[in-house]
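To start, the structure itself, in structure tokens.
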Amino acid sequence: MTLIEHASLMSPDADTIRGVSVLYARVLDLSEVDARDDFFVLGGTSLSAVELLALVQEEFSVQVPAGDFYRATAVSELASLIRTLQQDETEGA
């Protein structure tokens, strides 16, 4: 099972979704972002994705591989991926 497939099994909590939404809004200079919104549809670029992933690492203490992010670009998808990575780190510690 790939990381993305595993992430789809994790239900993100409201705090993670809210946090990812805030980061999307910050990077893309938007006032509001919904859980279903896609980073690239909102105007994100590969350069802004790098900025977003750096902020995700700072905010959530997990490193999201760029390739995984490109397959999980909606807020809720990235939130699920973050929760999966956090769980994996906890279990592996």
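The values are calculated or read from the model by the stated rules, or taken from the named source; none is laboratory data. Source: prediction; values computed, not measured. Reconstructed Cβ throughout: ideal geometry from the backbone, glycine too, with neighbour counts over all protein chains shown. Quick note on the areas: whole protein, heavy atoms, side chains included, nothing else; ligands and nucleic acids left out. Shrake-Rupley method; radii C 1.70, N 1.55, O 1.52, S 1.80 Å.
What to note about this one:
- Residue that is farthest from V22 (Cα to Cα), among those in region 78-93 that are buried (at least 19 other Cβ atoms within 10 Å of the Cβ) and either at pLDDT 95 or above or aliphatic (A, V, I, L, M) (or both): L85
- Among the residues of region 46-74, those that are under 17 Å from V22 (Cα atoms) and polar (S, T, N, Q) comprise S48, Q57, S61, T73.
- Residue that is open to solvent by less than 70 Å² (accessible area, probe 1.4 Å), within 12 Å of the chain's Cα centre (by Cα) and either basic (K, R) or modelled with pLDDT of 95 or more (or both), where the choices are V27, V75: V75
- Only residues that are in contact (Cβ under 8 Å) with a residue 40 or more places away in the chain, outside any helix (DSSP H, G or I) and buried (at least 17 other Cβ atoms within 10 Å of the Cβ) were counted across region 62-72, and they come to 1.
- Within region 30-61, restricting attention to residues that are polar (S, T, N, Q) and assigned to a helix (DSSP H, G or I), the residue that is surrounded by the most Cβ atoms within 10 Å (Cβ to Cβ) is S48.
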